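Reading through the C-alpha cells given below for one structure.
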Amino acid sequence: MKKNLKFSVVATWILLTRSYDAYCTYSLTPDLSNEANPLVSIGGITSWTTLLVILGALTVYSIYAYSISTFKPTELLPERQGMPFQNFVGYLYLGKEASWMVTLYKLPNDLVRFNNYMGHVLTRALVFAGAVSSIMWGLIINSELYRRIHSPALIYTILIVGSIVIIYSWNRSMYYRYQSRTTLD
C-alpha cells in the first residue's frame with residue numbers, strides 16, 4: 001500500500017473510532033458519572049470539554065507522530081552489532097543502549113527519536129484501541145449477553161494486554177531487521 005494511502009486510512013480510522021467512542025460514551029453518560037476512562041475515574045476530570053481537549057490533543061499528536069514516522073523517518077536501529085534484545089529495545093526508545101525497562105520511566109532526550117518511536121507504537125496501539133472500542137460499543141448496543149459481562153476491567157485488560165503484545169511484536173520485528181542487517185554487513 002502506498003505511504004499516502006496507508007497514512008490516510010490509518011489516520012481516518014483513528015479519528016473515526018475515537019470520535020465514535022466519544023459519541024457513544026456521551027450518549028451513555030452525559031455527566032461522566034459512569035465513565036471508566038482513568039482521566040475521569042482516577043484523574044477527577046468532570047468536564048466533557050476538558051476530557052475532549054486532552055483526548056483530542058493526544059489523538060492529534062499520535063497522527064502527527066505517525067506522519068513523522070511515515071514521511072520523515074529517522075533510523076532508530078543501532079550501528080553496534082550483537083546487542084541483546086532487552087538492550088536493543090532500550091536503544092530503540094532512548095537512542096543509547098539500556099535495559100528495556102527504561103521505556104517505562106524515561107523519556108528520550110531526542111524529540112525526533114521520540115516522535116518516530118511513538119509514530120510506530122502509539123499509532124498501532126490506537127488502531128487496536130479503536131477496534132476494541134468499536135466492537136465493545138456494537139456489543140453494548142446490540143447484545144444483552146455482552147451487557148451482562150461488560151466491565152471496565154475487561155476492556156482495560158484487553159487494551160493493556162493487546163498494546164503490550166503490539167509493542168513487543170514491533171520491537172521484535174525491528175530486532176529481526178537489526179539482526180539481518182548486521183549479518184549482511
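All of the numbers you see were taken from the coordinates with simple rules; none came from a lab. The structure presented is a predicted model; accordingly, all values stated were derived computationally and were not measured. Backbone-built Cβ (ideal geometry, glycine too); neighbour counts: all protein chains shown.
Find the Rg to Rh ratio for segment 137-185, where Rh is the Kirkwood radius over alpha-carbon pairs and Rg uses the same atoms.
Over the Cα atoms of segment 137-185, Rg/Rh equals 1.38.
Using Cα springs under 10 Å in a Gaussian network model of the chain, which residue among 146, 175, 156 shows the largest mean-square fluctuation?
Its mean-square fluctuation being the largest, the pick is 146.
Taking θ as phi - 60°, what are the ³J(HN,Hα) couplings along segment 77-92 by the Karplus curve (6.51, -1.76, 1.60), each to the nearest whole Hz, with x for Gly and Pro?
Using θ = phi - 60°, the values come out as 6, x, 7, 5, 8, x, 6, x, 3, 4, 7, 4, 4, x, 5, 3 Hz.
With θ set to phi - 60°, apply the Karplus curve 6.51 cos²θ - 1.76 cosθ + 1.60 along segment 4-16 and write out the HN-Hα couplings as whole Hz, x wherever there is a Gly or Pro.
Along segment 4-16, the couplings run 4, 5, 4, 4, 4, 5, 5, 4, 5, 4, 4, 4, 5 Hz.
Could you work out the mean projected area of the convex hull around the alpha carbons of segment 1-96, in square nanometres to one decimal? Write out the running numbers ahead of the final one.
Numbers: hull surface 35.4 nm².
Orientation-averaged projected area of the Cα hull: 8.9 nm².
Can you give me the Kirkwood hydrodynamic radius for the chain, using every pair of distinct Cα atoms, in Å to one decimal? Walk me through the numbers on the way to the answer.
Details: mean 1/r = 0.0547 Å⁻¹.
Mean inverse Cα-Cα distance, inverted, gives 18.3 Å.
Would you be so kind as to identify which of 59, 83, 24 lies farthest towards the positive end of the dipole of segment 3-184, taking Lys and Arg as +1 and Asp and Glu as -1 on Cβ and the Cα centre as origin?
Of the candidates, 83 comes out farthest on the positive side.
In deg cm²/dmol and to the nearest 500, what is the mean residue ellipticity at 222 nm of the chain if only DSSP H runs of at least 4 residues count, each as -39500 (n - 2.57), divided by the residue total? Write down the numbers at each step before the final one.
Values: 7 runs with 135 residues, N = 185.
The per-residue figure over the chain is -25000 deg cm²/dmol.
Pick out which of 74, 17, 29 has the largest mean-square fluctuation in a Gaussian network model of the chain, springs linking Cα atoms closer than 10 Å.
Per the Cα network of the chain with a 10 Å cutoff, 29 tops the list.
Report the calculated FRET efficiency for residue 4 and residue 61 (r = Cβ-Cβ distance, R0 = 25 Å), to the nearest 0.05. Intermediate values should be presented prior to the final figure.
Numbers: r = 20 Å, r/R0 = 0.82.
The pair residue 4/residue 61 has a calculated efficiency of 0.75.
If you put +1 on each Lys and Arg Cβ and -1 on each Asp and Glu Cβ, how big is the dipole of the chain around its Cα centre, in Debye rounded to 20? Don't skip to the end; give the middle numbers.
Values: 15 positive and 9 negative charges, 101 e Å.
Here the size comes out at about 480 debye.
Starting from 0.36 nm per residue, how many nanometres of slack lie between residue 71 and residue 165 once their C-alpha separation is accounted for? Don't jump to the answer; show the numbers that get you there.
Values: separation 94, 0.36 × 94 = 33.84 nm, distance 2.53 nm.
Gain on extension, residue 71 to residue 165, equals 31.3 nm.
Each residue of segment 120-131 in order: what ³J(HN,Hα) in whole Hz does its phi give by Karplus 6.51 cos²θ - 1.76 cosθ + 1.60, θ = phi - 60°, with x for Gly and Pro?
Calculated HN-Hα couplings, in order: 7, 7, 5, 4, 4, 5, 6, 4, 5, 4, x, 5 Hz.
Run the numbers on the chain and let me know its relative contact order in percent, using alpha-carbon pairs under 8 Å that are six or more apart. Walk me through the numbers on the way to the answer.
Values: 159 pairs, mean separation 42.2, N = 185.
Relative CO of the chain lands at 23 percent.
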